[in-house]
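The values are calculated or read from the model by the stated rules, or taken from the named source; none is laboratory data. All of these numbers come straight from a predicted model, not from anything done at the bench. Note that we place each Cβ from the backbone using ideal geometry, even for glycine, and neighbour counts take in every protein chain shown.
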Amino acid sequence: MRKYRFLAVNDDPDILSSLERILGAFEGEIVATRSWIEAMQHAAGPGDLDLLLVGARIGGASGPDLIREARLHRPALPILVLAPNGQESLRQESERLGAEATLPWPVPRESVTEAVTRALRAGELDRRFEGLPSAAGCTFRPLEIVDSMDVLEKALSWTETGAERPRPILITGNTGTQKPFLARALHHAGRRRGPRFVTRLADGPSAGGGTLFLDDVEDLSPKQQEIVLRLIQDGVFDAGTKKIKVDVQVIAATRKDLAALAADGRFRPELERALTPRTIRIPPLVERRERIPLLAERLSLRIAEEEGRKPPRLSGAFRQKLVAYDWPGNLGELRSVIERAALLAAGSDLDLPHLPSEIAGHGLAIAAPNEIVPFVQHEQAILRNALQVTGGKIPEAARRLAIGRATLYRKVKKYNLR
């Protein structure tokens, strides 16, 4: 096992000493400095770097300044920020730039140790996926897609089993949850990364030693389901005319409930039972609303990096709208929305006018700390929300808003809400 390498940067010598003592419990090299120049030399220089711990200030610069520069050279570097209590803007800016966590200082030693351990695990997972072909067309990292280190680590262990025949993996998730990309990532990070990754059942015999990925497995015909079942059970590709022995990892994906389809006679029960023991479920965005602003911030940062632009900021009202929306297209839709917003913003901050109407008009516009949203925007958002909840029934909306019907009719007309 290789030794870790840490970079701790802080203006306060006492904090640096504390960090050195905490990091000493981990096997590795610790570079502790109060110098911006030295910090940048290590952040931008050669060699491995497993974790950056940075404070609010370094010389004449800020912690986020160092994060921004370090990200240019090490996009996947795990970063922890030590922020004095009450510095909410520092926390927001650090997370916007992709910090793993922000710890209020002073903080118990065990909290720092736990955060360091978690960040190192995340970094090790990221390294497993380094060099994943960009042709896969996904800006998200596998850990952001699955949103659980335990689940991703378990999935990787399934691709490395020493069983005589590789056992299938099933990825479930709604539209836009990046199932094909996750399948490719598992292939790339597992022991089969060298051989082929094929996506058509007919190409199965040519994927010896590699991976056969079957997206929308529920759409396979009964004959195709029989071929897949035989491939899983016996390692034989039976196309009818000839039988071919094939060593292949089967990864299937579905947006449907295969057990329900099998119960209705629309999917082969034996194949459903063969696929489901090793299931990875990708949660939809509506189940992790609290993560949406951070995902959007990191996505805007990566899009800006790809296009050579300065990363935009996301206004509080913009972030609130993202959280309120239900995201039927999940991560794919989120990327599309952020790309569109960045294009419309043309280098300025992302705000409500840069959102599609179905998102900008959804939910309540509530200001973030230290921001003020004009009253008229609050009023319009409240009325839109009431009309949406009541299915456009003005009498019921007026009753639940505790205002007169005539008043509501007048405001609906004024704001063109129908």
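Per this entry, LEU322 is not counted among residues that are closer than 11 Å to ILE292 by Cβ, touching a residue at least 60 places away in the same chain (Cβ under 8 Å) and either buried (at least 21 other Cβ atoms within 10 Å of the Cβ) or basic (Lys, Arg) (or both).
If you go through the stretch 312-335 and keep only what is in a loop (DSSP other than H, G, I, E, B) and either of a type in the set (S, T, N, Q) or in contact with a helix residue (DSSP H, G or I) (Cβ under 8 Å, 6 or more places away or on another chain) (or both), you end up with PRO312, ARG313, SER315, TYR325, ASP326, TRP327, GLY329.
Residue-wise test of (1) under 16 Å from the mean Cα position of the chain (by Cα); (2) more than 22 Å from ASP48 (Cα to Cα); (3) modelled with pLDDT under 90.
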| site | (1), (2), (3) |
| --- | --- |
| GLY131 | no, no, yes |
| CYS138 | yes, yes, yes |
| LEU143 | yes, no, no |
| THR159 | no, yes, yes |
| GLU164 | no, yes, yes |
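None of ASP65, ASP147 is on the phi > 0 side of the Ramachandran plot and among the acidic types (Asp, Glu) except ASP147.
Condition check ((1) touching a Gly at 6+ places or on another chain (Cβ under 6 Å); (2) closer than 26 Å to LEU156 by Cβ; (3) of a type in the set (Ser, Thr, Tyr)) across all residues:
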position: ARG230; (1), (2), (3): no, no, no
position: ALA259; (1), (2), (3): no, yes, no
position: ARG268; (1), (2), (3): no, no, no
position: SER300; (1), (2), (3): no, no, yes
position: ALA304; (1), (2), (3): no, no, no
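Count of the stretch 78-93 residues, restricted to those that are touching a Leu at 6+ places or on another chain (Cβ under 9 Å), buried (at least 21 other Cβ atoms within 10 Å of the Cβ) and free of Cβ contacts under 8 Å to residues at least 60 places away in the same chain, is 5.
Taken over the stretch 102-114, the criterion of being touching a strand residue (DSSP E or B) at 6+ places or on another chain (Cβ under 6 Å) and either free of Cβ contacts under 8 Å to residues at least 12 places away in the same chain or buried (at least 20 other Cβ atoms within 10 Å of the Cβ) (or both) is satisfied by THR102 alone. Are any residues in the stretch 244-266 within 25 Å of PHE181 (Cβ to Cβ) and assigned to a strand (DSSP E or B), and if so, which ones? Result: GLN249, VAL250, ILE251, ALA252, ALA253, THR254.
Do we find a residue being in contact with a strand residue (DSSP E or B) (Cβ under 6 Å, 6 or more places away or on another chain), within 20 Å of VAL250 (Cβ to Cβ) and among the acidic types (Asp, Glu) anywhere in the stretch 201-215? Yes - at least one qualifying residue is present in the stretch 201-215.
GLN233 satisfies every condition listed in (1) surrounded by fewer than 18 Cβ atoms within 10 Å (Cβ to Cβ); (2) in contact (Cβ under 8 Å) with a residue 40 or more places away in the chain; (3) touching a strand residue (DSSP E or B) at 6+ places or on another chain (Cβ under 8 Å) except (3).
The residue that is nearest to MET40 (Cα to Cα), among those in the stretch 66-114 that are at pLDDT 90 or above and polar (S, T, N, Q), is THR113. Within the stretch 13-47, the set of residues being in a loop (DSSP other than H, G, I, E, B) and at pLDDT 90 or above comprises GLY24, ALA25, PHE26, ARG34, SER35. Taking the stretch 260-300 as the range and being more than 23 Å from PRO328 (Cβ to Cβ), within 29 Å of the chain's Cα centre (by Cα) and exposed (fewer than 13 other Cβ atoms within 10 Å of the Cβ) as the test, only PRO277 passes.
I want to confirm something. Restricting to the stretch 41-51 and keeping residues that are crowded, with 16+ Cβ neighbours inside 10 Å and in contact with a helix residue (DSSP H, G or I) (Cβ under 6 Å, 6 or more places away or on another chain), which single residue is farthest from ASP126 (Cα to Cα)? Taking the candidates together, the pick is ALA43.
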